[in-house]
Amino acid sequence: MCGIVGYIGNEEAAPVLIKGLKRLEYRGYDSAGIAVLGKPGLLIRKSKGALQNLEAKIAGELAGDILDGSVGIGHTRWATHGEPSDINSHPHTDVSGKIAVVHNGIIENHAKLKAWLTEHGANFRSETDTEVIAHLLNFYYKGDILQAVIEALKRLTGSYALGIICENDPDRIIAVRKESPLVVGAGAGENLIASDVPALLEYTRDVYYLEDREIAVLYRDRIAFYNDEGDEHQRESSHIDWDAGAAEKGGYEHFMIKEIHEQPKALRDTLRARIKIDNNSKTINLEEIGFDASWAKAERVVIAACGTAYHAGVIGKYAFEKFTRVHTEAAIASEYRYSNPIFNPKDIFLIISQSGETADTLAAMRMAKKGGARIIAITNAVGSTLAREADLVMYTWAGPEIAVASTKAFTTQLMCVYLIALQLGRLRNTISDAELAAHIAALESLPEQAERILSEKENIQRFASLQFNKSKVFYMGRLFDYAVSMESALKLKEISYTHSEAFAAGELKHGPIALVDDTTLVTALCTQSALFDKMDSNIKEVKARFAATAVITYDDVDYFNNTADQVFRIPRTPDSLSPILAIIPCQLYAYYCSVLRGLDPDKPRNLAKSVTVE
Ligand code: AGP
């Protein structure tokens, strides 16, 4: 949702904070602000709109003002309470103007606290839930800001990652989190906090992922950790292996197109460590993550996730049922959590989340855990809440995904789903050794096949330049192709603001075809070989209603040459694995439409990379 940063060291804090916020802009970008402890005391600068507005404000400063301080906190906002405005931007301060707070999350009891604090003399200026924290800290401050934080936490319900500084206590930053991510970076003579690792990488690769309700106190030369009662404890740091360049644009115009191009490598990385050679034949090795024979007793697989990750789950449903013959359901986490679901200790509960912090997904996981199910998490975020709470974690090795629209996280999630499904099939003897070997070989070919699709991206770009103004774009397909259609439609609507929908192709004539006319583009995903003739009929039906049509199919299939206006080809792979390849032209199409419409594909309006609130 929002992004927070903090710095304590010997450099001027303001530029460090701005740099960090730039790396976190994907988390929110409707306003930004910083607070620095300078010579005159606590100084705050905030600005509505993009971060560059704040930068411009600071660039206008006279020397010795905001730039003259080496302790500070910063925030980039995705508004939840109160419109984007200077006044609602963080940091928020108490009545004395000496305590400043940045917050990511939602304080659920803020209305009650606001009433109580107002009775006790607080004067609220913003519409945010966050401001109650600043006033609460003031209420409990008796000369020790850490103690005030400990007391204030007892009153807060909801989710939060907080960075706090205090003018009377100028040589430390207090950081704490509950259900919102927060990472502490340990540098040499300087320490930092951030909502996400890329904001720290220029300064350190040694990080601490804070636990729920754990408090970190950052000094220039050390970091102390406490529980919410104030008892100190020791922590081991984690080392980040990926380099800072992975979070830069690297010559591409946008992060999204860079990340689309990174898919071959990300797929290779995600696959490589999970394949081993046994007696001259290749097998899947998931023992390192604890996926052993005990999982074979599963009577049902339930997959829960949101957005793009949910679409990976729908593909997972088809893959699990194909390879394991275990009944599998894919659920939208935000629906699932309120659906009074039935659990069985023999369920495998598969949770998919790029960020590992999505509120609805975590809630679904916690319910399933309570219900006795065994949890497998697929995530890209090492140390995320999901990773910490699941019974078993399989990481996607996608590297940092900065663009809000998920691309490489999705295809690597699929890679993990296939590996688990195939391995479960092997453990249950529902696929033969020959089938397994053929699928492993096919998985190994995917990175190079993805490269081939990317090398022909100009075909998609050309097509987008003809179609980007279409007012309605429909995707249709059957089985695995229907799931890819859903993801394609989401991608296009997210970043090009085109009205796009996905339909199970067989459903078309049950209603949606009423929408089809000459302003419609219909893209048919055609990789399920047994259903080509059905798809052919569906394409003819929409063509007869004057829609423009495109088909995505294999490079050795001529079936649709005379049916669709345009055919895009992907390399041959087993039909069940085609989603990893078939989605790539659709990602590219969405990207080019966004750019052609003059939009910023990396930062679509109203969206945030990590949805840590309901
Ligand atoms: C993807 O393009 C979207 N931005 C969004 O649907 C995302 O997949 C969803 O919010 C789930 O996020 P997660 O994978 O971090 O849980």
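The values are calculated or read from the model by the stated rules, or taken from the named source; none is laboratory data. The structure displayed is predicted, hence computed values, not measured ones. Using ideal geometry, Cβ is built from the backbone for each residue, glycine included, and neighbour counts are taken over all protein chains shown. Side chains included, ligands, DNA and RNA excluded: accessible areas come from the protein's heavy atoms. Shrake-Rupley method; radii C 1.70, N 1.55, O 1.52, S 1.80 Å.
Across the range 422-437, coupling constants 3J(HN,Hα) worked out from phi with the 6.51/-1.76/1.60 Karplus curve, θ = phi - 60°, read 5, 5, 5, x, 5, 5, 9, 6, 9, 10, 7, 4, 5, 4, 4, 4 Hz, and Gly and Pro carry x. Tell me which of TYR208, TRP78, ALA175 sits at the most positive position along the dipole axis of the chain, charges placed on C-beta atoms (Lys, Arg +1; Asp, Glu -1). Sorting the options by dipole projection puts first TRP78.
Taking all protein chains into account, the per residue accessible area for the range 47-177 stands at 37 Å² (1.4 Å probe).
Averaging the Cα positions of each part gives two centres, and for the range 370-408 and the range 410-438 these lie 19 Å apart. About its Cα centre, the range 344-431 has a charge dipole of approximately 340 debye under the convention of +1 per Lys or Arg Cβ and -1 per Asp or Glu Cβ, with nothing else charged. Distance from the alpha carbon centroid of the range 528-548 to that of the range 99-149 works out to 59 angstrom. Accessible surface area normalised per residue over the range 467-614 is 35 Å², counting heavy atoms of protein chains with a 1.4 Å rolling probe. For the range 88-215, the share of DSSP beta bridges that are antiparallel, to the nearest 5, is 95%.
Packing order of peptides 438-444, 379-385, highest average first: 379-385, 438-444 (average count of other Cβ atoms within 10 Å over each peptide's residues). Among 597-609, 548-560, 342-354, sorting by the average number of other beta carbon atoms lying within 10 angstrom of each residue, highest first, gives 342-354, 548-560, 597-609.
Compute the separation of the alpha-carbon centres of the range 1-44 and the range 321-367 and state it in Å as a whole number. Measuring centre to centre over Cα atoms gives 37 Å. Taking the longest Cα principal axis of the chain as reference, the axis of helix 359-370 is set at about 80 degrees. For the chain, the longest principal axis of the C-alpha atoms and the axis of helix 480-496 are separated by about 40°. About its Cα centre, the range 65-185 has a charge dipole of approximately 400 debye under the convention of +1 per Lys or Arg Cβ and -1 per Asp or Glu Cβ, with nothing else charged. Loop-resident chymotrypsin sites (Phe, Trp or Tyr not before Pro) (DSSP state other than H, G, I, E or B) in the range 94-153 with no more than 16 further Cβ atoms inside 10 Å of their Cβ: PHE124.
For the chain, the fraction of 1.4 Å probe accessible surface lying on carbon and sulfur atoms is 48 percent.
Subtracting the Cα-Cα distance of ASP221 and ASN109 from 0.36 nm times their residue separation leaves 36.7 nm of extension gain. Could you list, bin by bin from short to long, the percent of Cα-Cα pairs of the chain in 10 Å steps? Each 10 Å bin holds this share of Cα pairs: 3, 17, 25, 24, 17, 10, 4, 0. Counting only protein heavy atoms and a 1.4 Å probe, the range 247-289 has 51 square angstrom of accessible area per residue. Have a look at HIS135, VAL5, THR407 and report the one farthest towards the positive end of the charge dipole of the chain, computed about the Cα centre with Cβ charges (Lys/Arg +1, Asp/Glu -1). It is THR407, whose Cα lies furthest towards the positive end. Secondary structure note: in the chain, about 60% of the DSSP beta bridges are antiparallel.
Computed from Cα positions, the angle between helix 532-543 and the longest principal axis of the chain comes to roughly 70 degrees. The three principal axes of the Cα atoms in the range 188-292 give end-to-end lengths of 55, 43, 23 Å, sorted in falling order. A protection proxy built from the mean count of other Cβ atoms within 10 Å ranks the segments 457-464, 414-421, most packed first, as 414-421, 457-464.
In plain terms, the chain from GLU456 to GLU335 could stretch by 39.7 nm, reckoned as 0.36 nm per residue minus the Cα-Cα distance. One quarter of the convex hull surface built on the alpha carbon atoms of the range 121-222 amounts to 7.0 nm², the projected area averaged over directions.
Separation of the alpha carbons by more than 31 angstrom is noted, of LYS370/LYS609; LYS265/LYS534; LYS57/LYS603; LYS98/LYS178; LYS543/LYS609; LYS112/LYS142, for LYS265/LYS534; LYS543/LYS609. When all alpha carbon pairs of the range 492-614 are counted in 10 Å bins from zero, the resulting P(r) reads 12, 38, 34, 15, 2 %. Using the 2.2 N^0.38 Å rule of thumb for compact globular proteins, work out how the range 425-581 stacks up: its C-alpha Rg over that value, please. Dividing the Cα radius of gyration by 2.2 N^0.38 Å gives 1.09. Here the dipole of the chain is about 1040 debye; that uses its Cα centre as origin and unit charges on the Cβ of Lys and Arg (positive) and Asp and Glu (negative). Over all pairs of different C-alpha atoms, the range 115-165 has a mean inverse distance whose reciprocal, the Kirkwood radius, equals 11.5 Å.
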